[in-house]
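What follows is a single structure, written as structure tokens, with notes after it.
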Amino acid sequence: MRTLLLYGDSNTHGTLPMEGLGASGRFPRDDRWPGRLAKLLPDWEVIAEGHPGRTTLHDDPVEGAHRNGLTVLPAILESHRPVDVVLLMLGTNDLKARFSVTASDIALSLERLVRVIRASEAGPGRGAPDVLLVAPPPIAEVGCLAGMFAGGAAKSQGLAAEIRAAAARLAVPFLDAGAVVQVSPIDGIHYDPEANPALAEAFAVAIRHYFPG
């Protein structure tokens, strides 16, 4: 059985759209897209590593340095090895105003994460895991998170193109989640219930296509 590691943020964790700051609701395990994906890929061990607030490589001065996706990635890879494929979907939290980065910066940060994965020796036979690089859907500045992500909506419109270009530079498969789902109008960041089956199906198709047998 091969291993698929889902490395992401609150939308991999399964966080519900937030009516107010501090809300911590989560979709039931079997309703989350990672749980649905596991059922669609019975010949894979699907491991969900989603951390709310996780950035690509930034220490968060407000929510904590432990949300830095680069810092914790090597330990996660080692703890689950051998890992055949990493589905990497980050970048949304980098759009927070406090980080002041561009869509191009976010794509370059994801490139760095891919290089860490490739150098990790966490794949079978101490090789490099394969990577599926995913662009998160564009965000909206609405609800309780609008101020936190001020200016992020406009940046997010160009994020998929930048990540697609990064995937081409790295020669790794790419999937645009924004072509599959939209963010919730409640908070503009998280996904409504119907996004979970749609994402699970899209990811299952991509995994079977890019990493057969």
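The values are calculated or read from the model by the stated rules, or taken from the named source; none is laboratory data. These numbers come from a predicted model, not from an experiment. Note that we place each Cβ from the backbone using ideal geometry, even for glycine, and neighbour counts take in every protein chain shown.
Just checking, which of Val72, Val62, Val85 is touching a Phe, Trp or Tyr at 6+ places or on another chain (Cβ under 9 Å) and hydrophobic (A, V, I, L, M, F, W, C)? Working first, answer last.
On the way: Val72 fails: touching a Phe, Trp or Tyr at 6+ places or on another chain (Cβ under 9 Å); Val62 fails: touching a Phe, Trp or Tyr at 6+ places or on another chain (Cβ under 9 Å).
Every option except Val85 fails the conditions.
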Residues within the stretch 127-160 that are in contact (Cβ under 8 Å) with a residue 24 or more places away in the chain and not in a loop (DSSP other than H, G, I, E, B), tallied: 15
Does at least one position in the stretch 172-183 carry a residue that is touching a residue at least 40 places away in the same chain (Cβ under 8 Å), acidic (Asp, Glu) and within 18 Å of Leu37 (Cα to Cα)? yes
Looking at (1) of a type outside the set (Ser, Thr, Tyr); (2) over 30 Å from Glu78 (Cβ atoms); (3) surrounded by fewer than 20 Cβ atoms within 10 Å (Cβ to Cβ), can you tell me which one Arg118 breaks? (2)
Of the numbered conditions (1) more than 26 Å from Ala179 (Cβ to Cβ); (2) buried (at least 16 other Cβ atoms within 10 Å of the Cβ), Ile106 satisfies every one except a single condition; which is it? (1)
Show the residue pairs that are 6+ apart or on different chains and have beta-carbon atoms under 6 Å apart, the first residue being within the stretch 72-88 and part of a helix (DSSP H, G or I), the second being not hydrophobic (A, V, I, L, M, F, W, C). Ile76/Glu49; Leu77/Ser120
Among the residues of the stretch 29-71, write down those that are in a helix (DSSP H, G or I), touching a Leu at 6+ places or on another chain (Cβ under 7 Å) and surrounded by 19 or more Cβ atoms within 10 Å (Cβ to Cβ). Trp33, Pro34, Gly69
Do you know which of the residues in the stretch 1-28 that are of a type in the set (Ser, Thr, Tyr) and in contact (Cβ under 8 Å) with a residue 40 or more places away in the chain is surrounded by the fewest Cβ atoms within 10 Å (Cβ to Cβ)? Thr3
Filter the stretch 2-24 for residues that are assigned to a loop (DSSP other than H, G, I, E, B) and modelled with pLDDT of 95 or more; which is nearest to Asn196 (Cα to Cα)? Gly14
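Among the residues of the stretch 180-195 satisfying the criterion of being touching a Pro at 6+ places or on another chain (Cβ under 9 Å) and over 19 Å from Lys96 (Cβ atoms), which is surrounded by the fewest Cβ atoms within 10 Å (Cβ to Cβ)? Walk me through it before giving the result.
At the first step, the residues of the stretch 180-195 found to be touching a Pro at 6+ places or on another chain (Cβ under 9 Å) are 180-192, 195.
Filter once more, keeping what is over 19 Å from Lys96 (Cβ atoms): 180-182, 185, 192, 195.
On the way: Val180: 16, Val181: 20, Gln182: 17, Pro185: 11, Asp192: 14, Ala195: 20.
Applying the filter and picking the extreme gives Pro185.
Identify, from the list Glu63, Glu45, the residue that is free of Cβ contacts under 8 Å to residues at least 60 places away in the same chain, within 25 Å of Gly213 (Cα to Cα) and among the acidic types (Asp, Glu). Outline the logic, then answer.
Details: Glu63 fails: within 25 Å of Gly213 (Cα to Cα).
Within the list Glu63, Glu45, the selection yields Glu45.
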Being of a type in the set (A, V, I, L, M), surrounded by 16 or more Cβ atoms within 10 Å (Cβ to Cβ) and closer than 21 Å to Pro17 by Cα is the filter here, so list the residues in the stretch 156-179 that pass it. Ala177
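Residue-by-condition table, conditions (1) hydroxyl-bearing (Ser, Thr, Tyr); (2) over 22 Å from Gln157 (Cα atoms); (3) in contact with a Ser or Thr (Cβ under 8 Å, 6 or more places away or on another chain):
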position: Leu4; (1), (2), (3): no, yes, no
position: Thr12; (1), (2), (3): yes, no, no
position: Leu21; (1), (2), (3): no, yes, no
position: Glu45; (1), (2), (3): no, yes, yes
position: Val62; (1), (2), (3): no, yes, no
position: Leu77; (1), (2), (3): no, yes, yes
position: Asp94; (1), (2), (3): no, no, yes
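Okay, residues lined up against (1) in contact with an Asp or Glu (Cβ under 8 Å, 6 or more places away or on another chain); (2) farther than 23 Å from Ile207 by Cβ:
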site	(1), (2)
Ser79	no, no
Val85	yes, no
Thr92	yes, no
Ser104	yes, yes
Ser109	yes, yes
Arg115	no, no
